[in-house]
Amino acid sequence: MSPDHSQAPVLDALAEYHATGQLAFGPPGHKQARGADPRTREVLGDAVFYGDVLAFGGLDDRRARSRVLERAEHLMADAVHASHTFFSTCGSSLSVKAAMLAVAGPHEELLIGRDAHKSVVSGLILSGIRPIWVDPRWDADRHLAHPPSADDFEQAFAAHPDARGALVTSPTPYGSCADLRAIADVCHRRGRPLIVDEAWGAHLPFHPELPAWAMDAGADVCVTSIHKMGAGLEQGSVFHLQGDLLEPALLKTRADLLGTTSPSVLIYAALDGWRRQMVQHGRELLDRALKLVAQTRAAIEDIEGLHVNDRADFCGAGLADDLDPLPVVIDVSGLDTTGYRAADWLREHRSIDVHLSDHRRINTQLTYADNEETANALVDGLKALAATAPELRPGPQVHVPAPEQLRMEQKCLPRDAFFGRVEDVPLHEAPGRVAAEMLTPYPPGIPAVLPGELLSEPVLRYLHSGVRAGMYVPDAVDTGLETVRVMVGPSE
């Protein structure tokens, strides 16, 4: 019998909790908003507090006998053709770490695309896994990375046959996608699992015109952020499992090791409601979104000085295998300014917040939540940006290295560098030293420097010039990058 997707077990249980007048003598201490500061309630609204109950001993009984969460996860798995699904209220940053820990242990090798998110590097630091970096496909003209190819992973496995599996990021924050089916085949011929960090792909299973999603492409574990391209709350993430290369109980125990013992029912409820919405209405919602994004892309392309990157820019030989059209990536270099300045101007003068910005682009992602009104506001804001461009010139120069200069030698495990003896040195003294910190332009959160890498002058110059131009590097000890944290000891 097919599951009943009109149900939403978490939302239904929350409604019953209120209908039966449950009186809590445990956390949370605000006691259904009664103790919350009135000024806080005025801003947040009481619904936030009414939905904030204990998951066990509140939403469900203390032994989870109603199986509220289990039923919600089962429905999510069915919706996206996975065998097992696990909810996370700690974002995909936790989910991807749990997947990594389920595949490899300390000092074991894991093939990883070097365009991975900083959460992957955090997983390496915590686990002691030895990364075997697989270089992304670099577009030297546009200074942009696309996911590695199946051939790239084939070569990495040939050089490292003991690697426990592979991890690839697809889609990237710019919307470019890998050929996941081909990469999965490379892994499965060796009996190794494939992890896909598909944080930006929550919508992919629900429309045939979108790139193939990880479970349908044969991946073993897929991590998805529902809050990014879906309608979940921030920190709402799911990770899915299929096949027999990983035991579900093992993946769950790894997640339990990292996760909170106080999960947010609000986040669970939003995940549950989004799944129901997408099963019942996802195709029509995404139909409208795809039509809207096509119109919006064409309207922006007509603005002088702006260029919307499309398949012709991002896909082809040596580039990405597919493209998600909903991230509208706009090259502003024709305005002779930077993406940083463009993003700041749009926020200050038009109250428009873009997803990410870099030295020459902004990404204004659309979802099915957008409509003609929001799309028109974006286009009008971009027209005003183009008209005022002379005031933003010249854009500060960012010294982006050539692709071959971006990759630095990994001298030791990220874990050893991060937890080793360290010192802070002036930037000009850092080349030739081993980094002891991550240096990550954010967003999108892909580290330019990893702990354990041998620092080079071109990469440091890029980051320093980027900060001067408006780049944000929040994980640096010195966010101004006048100094860099490096190792002291034998790894140098």
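A short reminder: the numbers here are calculations on the coordinates, not readings from a lab. Note that the structure is a prediction, hence the values are computed from the model and not measured. A quick note on method: Cβ atoms are made from the backbone with ideal geometry, for glycine too, and the neighbour counts reach across all protein chains shown.
Around the amide H of SER66, modelled in the peptide plane, lie the amide H atoms of ASP61, all under 5 Å away and 5 or more residues distant in sequence or on another chain. Shape call for region 403-487 from the C-alpha gyration tensor, a ≥ b ≥ c root eigenvalues: rounded (a/c under 1.5), prolate (a/b greater than b/c) or oblate? It is rounded, given that a/c, with a ≥ b ≥ c, falls under 1.5. Taking every lysine pair in the chain that is 8 or more places apart or spans two chains, those with Cα atoms closer than 27 Å amount to 11.
Couplings 3J(HN,Hα) for region 164-175, derived from phi with the Karplus relation 6.51 cos²θ - 1.76 cosθ + 1.60 (θ = phi - 60°), are 7, x, 9, 9, 10, 9, 6, x, 7, x, 8, x Hz, where x marks Gly and Pro.
Put simply, the amide H of HIS399, placed in the peptide plane, has neighbours under 5 Å in SER465, GLY466, leaving out anything fewer than 5 places away on its chain.
Over the C-alpha atoms of the chain, the Rg to Rh ratio, Rh being the Kirkwood estimate, stands at 0.97. Ranked from largest, the principal axis spans of the Cα set of region 1-148 equal 59, 48, 34 Å. Using +1 at the C-beta of Lys and Arg and -1 at the C-beta of Asp and Glu, which of GLY26, VAL238, HIS81 has the Cα lying farthest in the positive direction of the dipole of the chain? Of GLY26, VAL238, HIS81, it is GLY26. Judged by the ratio a/c of the largest to the smallest principal axis of the C-alpha gyration tensor, region 310-365 counts as prolate, that ratio being 1.5 or greater while a/b is larger than b/c.
When PHE87, PHE49 are ordered from fewest to most other Cβ atoms inside 10 Å of their Cβ, what list results? The partial results should precede the final answer.
Working: PHE87 23, PHE49 20.
So the residues, fewest neighbours to most, are PHE49, PHE87.
Taking the number of Cβ atoms within 10 Å of each Cβ as an exposure proxy, the fewest-first ranking of ARG181, ARG393 is ARG393, ARG181.
When a/c reaches 1.5 or more, the comparison of a/b and b/c decides; with that in mind, is region 9-276 rounded, prolate or oblate per its Cα gyration tensor? Prolate is the answer for region 9-276, as a/c is 1.5 or above and a/b outweighs b/c. Close amide-amide hydrogen proximity is noted between VAL134 and ILE112, GLY113, ARG114, each under 5 Å apart and 5 or more residues distant or on a separate chain (H modeled in the peptide plane; Pro and chain starts excluded). In terms of the mean number of neighbouring beta-carbon atoms within 10 Å, the peptides 367-375, 409-417, 379-387 order highest first as 409-417, 379-387, 367-375.
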